[in-house]
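Scroll down for the structure; my scribbles are underneath it.
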Amino acid sequence: MKTSDSLINISKSMAEAQKKISHATKDSKNPHFKNDYASLESVINASKEALLEHGIFVIQTADDKALTTRLQHTSGEYFESTL
């Protein structure tokens, strides 16, 4: 994981946002394994409002080999991961 040099503001905001983030609803079915799972839309709906309320937004970039997801705070601090 890559991070900004300081994490003071984003860490405090993440802790506050997580108090308000609800569980994503299992709204989709996997026909192969016949189980239910939470779609990406359900995960976004469960977390977006609480994150934005605390100054955190999500940025994703992709190329032909990797997807990078960054949780960016309005202070400029961030957490970033690439898969």
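The values are calculated or read from the model by the stated rules, or taken from the named source; none is laboratory data. The shown structure was predicted, so the numbers you read here are calculated from the model rather than taken from an experiment. Heads up, the Cβs are rebuilt from the backbone with ideal geometry, glycines too, and the neighbour counts pull from every protein chain shown. Remember, those area values only see protein heavy atoms, side chains included, never the ligands or the DNA or RNA. Shrake-Rupley method; radii C 1.70, N 1.55, O 1.52, S 1.80 Å.
Could you tell me which of the pairs 26/48; 12/48; 19/48; 29/65 are separated by over 20 angstrom between their Cα atoms in the structure shown?
29/65
222 nm [θ] for the chain, helices only, -39500 (n - 2.57) per DSSP H run of 4+, per residue, to 500?
Helix contribution divided over all residues of the chain: -10500 deg cm²/dmol.
Send over a whole-number figure in Å² for the accessible area per residue of the chain, probe 1.4 Å.
76
Suppose a student asked you for the relative contact order of the chain, using Cα pairs under 8 Å spaced at least 6 residues apart; what percent would you report?
Relative contact order here is 35 percent.
Are there trypsin sites (Lys or Arg not before Pro) in the chain that DSSP marks as loop and that have at most 10 other Cβ atoms within 10 Å, and which are they?
Sparse-neighbourhood loop trypsin sites (Lys or Arg not before Pro): 34, 65.
Please report Rg over Rh for the chain, where both radii come from the alpha carbon positions and Rh follows the Kirkwood definition.
Across the chain, the Cα-based Rg/Rh ratio is 1.05.
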